[in-house]
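Chemist: The following block contains the structure, expressed as structure tokens.
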Amino acid sequence: NAGVTQTPKFRVLKTGQSMTLLCAQDMNHEYMYWYRQDPGMGLRLIHYSVGEGTTAKGEVPDGYNVSRLKKQNFLLGLESAAPSQTSVYFCASNRALLVPEQYFGPGTRLTVT
Amino acid sequence: DAKTTQPTSMDCAEGRAANLPCNHSTISGNEYVYWYRQIHSQGPQYIIHGLKNNETNEMASLIITEDRKSSTLILPHATLRDTAVYYCIVSENAGGTSYGKLTFGQGTILTVHP
């Protein structure tokens, strides 16, 4: 199992550009999450999904959209990137609420200039 | 979710036990205590969790006080590879409205030195 993978690993965007971050998991997990981590801070939840075709807002959803068309993939979109979105983005998944462990991907480092 | 308080940083000698404290005085009856760690530039890694009783796994032990207002994560024989940020998180499990989301604070930076 590859676990949770994220594409790309690094990206530099100019203000106003758009991009999509891809998260994929091969563990057949129902729940998937997108977090962002700013320097010196803990992770903050952006959006999450409790199953294929469902999405919900987390703590800091503004400026982001998500889609979960396939169970194994969770996409995070930035329609018009802003410097405030410079961060490291982590995706996570877990099998079910009864299973406490979340598995995290390696992260995507995004810089918006 | 209840708020947690952890020391900003701690040091530990290699081979010794590392004891990381966490205060969660507002924890409610259905909330679990989770510990994750994040090694530099990597995604967080689950360590252990518990509700009331002490727990142990291959990585660590979790001691929860009887009133559940605080807990301690114990790494019995710390190695250099245990240097990381350790997060204590309180969250509902199944049935709650949190949908399994984790609220990360700033954690404790544990430095294990030779």
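Chemist: Has the stretch B:4-19 got at least one residue that is touching a Gly at 6+ places or on another chain (Cβ under 7 Å) and either assigned to a helix (DSSP H, G or I) or free of Cβ contacts under 8 Å to residues at least 40 places away in the same chain (or both)?
Modeler: Of the stretch B:4-19, the ones touching a Gly at 6+ places or on another chain (Cβ under 7 Å) are B:4, B:6.
Okay, now just the ones that are also either assigned to a helix (DSSP H, G or I) or free of Cβ contacts under 8 Å to residues at least 40 places away in the same chain (or both), so none.
No, the stretch B:4-19 contains no residue that is touching a Gly at 6+ places or on another chain (Cβ under 7 Å) and either assigned to a helix (DSSP H, G or I) or free of Cβ contacts under 8 Å to residues at least 40 places away in the same chain (or both).
Chemist: Within the stretch B:87-114, can you find the residues that are at pLDDT 80 or above, in contact with a Ser or Thr (Cβ under 9 Å, 6 or more places away or on another chain) and either part of a strand (DSSP E or B) or more than 15 Å from A:Q37 (Cα to Cα) (or both)?
Modeler: Scanning the stretch B:87-114 gives B:Y87, B:C88, B:I89, B:V90, B:S91, B:T108, B:I109, B:L110, B:T111, B:V112, B:H113.
Chemist: A follow-up question, please. I need a count of the residues in the stretch A:31-63 that are of a type in the set (D, E, K, R) and out of contact with any strand residue (DSSP E or B) (no Cβ under 8 Å at 6 or more places or on another chain). Full working, then the answer.
Modeler: Residues of the stretch A:31-63 of a type in the set (D, E, K, R): A:36, A:38, A:44, A:52, A:57, A:59, A:62.
Adding the requirement that they be out of contact with any strand residue (DSSP E or B) (no Cβ under 8 Å at 6 or more places or on another chain) leaves A:52, A:62.
So the count comes out to 2.
Chemist: Same structure again: If I ask for residues that are closer than 20 Å to B:I89 by Cβ and of a type in the set (D, E), which ones from the stretch A:74-113 would you list?
Modeler: Across the stretch A:74-113, the qualifying residue is only A:E101.
Here is a yes/no grid of residues against (1) crowded, with 16+ Cβ neighbours inside 10 Å; (2) under 14 Å from the mean Cα position of the chain (by Cα); (3) away from chain A (no Cβ under 11 Å):
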{"position": "B:R16", "(1), (2), (3)": "no, no, yes"}
{"position": "B:L20", "(1), (2), (3)": "yes, yes, yes"}
{"position": "B:I48", "(1), (2), (3)": "yes, yes, no"}
{"position": "B:K52", "(1), (2), (3)": "no, no, yes"}
{"position": "B:S70", "(1), (2), (3)": "yes, yes, yes"}
{"position": "B:I89", "(1), (2), (3)": "yes, yes, no"}
{"position": "B:T111", "(1), (2), (3)": "no, no, yes"}
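For every residue, the table says whether it meets (1) more than 8 Å from every other protein chain (Cβ to nearest Cβ); (2) assigned to a loop (DSSP other than H, G, I, E, B).
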| site | (1), (2) |
| --- | --- |
| A:T5 | yes, no |
| A:L21 | yes, no |
| A:P39 | yes, yes |
| A:G51 | yes, yes |
| A:K71 | yes, yes |
| A:A81 | yes, yes |
| A:F90 | no, no |
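Chemist: Restricting the stretch B:73-86 to residues that are out of contact with any helix residue (DSSP H, G or I) (no Cβ under 8 Å at 6 or more places or on another chain) and buried (at least 16 other Cβ atoms within 10 Å of the Cβ), which is nearest to A:P39 (Cα to Cα)?
Modeler: Residues of the stretch B:73-86 out of contact with any helix residue (DSSP H, G or I) (no Cβ under 8 Å at 6 or more places or on another chain): B:73-74, B:76-86.
Next, only the ones that are buried (at least 16 other Cβ atoms within 10 Å of the Cβ) stay: B:73-74, B:78, B:82-86.
Working: B:L73: 25, B:I74: 27, B:A78: 26, B:D82: 21, B:T83: 18, B:A84: 15, B:V85: 13, B:Y86: 16 Å.
Looking at the filtered set, the residue picked out is B:V85.
Chemist: Of all residues in the stretch A:61-86, count the ones that are exposed (fewer than 15 other Cβ atoms within 10 Å of the Cβ) and aliphatic (A, V, I, L, M).
Modeler: Qualifying residue count, the stretch A:61-86: 2.
Chemist: Of all residues being assigned to a strand (DSSP E or B) and facing chain B (nearest Cβ under 9 Å) in the stretch A:92-113, which is surrounded by the most Cβ atoms within 10 Å (Cβ to Cβ)? Just the residue, please.
Modeler: From the stretch A:92-113, those assigned to a strand (DSSP E or B) are A:92-94, A:103-104, A:108-112; that's our starting set.
Imposing the further condition that a residue be facing chain B (nearest Cβ under 9 Å) reduces the set to A:92, A:94, A:103-104, A:109.
On the way: A:A92: 28, A:N94: 21, A:Y103: 20, A:F104: 23, A:R109: 16.
Looking at residues that are assigned to a strand (DSSP E or B) and facing chain B (nearest Cβ under 9 Å), I get A:A92.
The values are calculated or read from the model by the stated rules, or taken from the named source; none is laboratory data. Only a predicted model underlies this, so the values are computations on that prediction, with no experimental measurement involved. Virtual Cβ from ideal backbone geometry, glycine too; neighbours counted across all protein chains shown.
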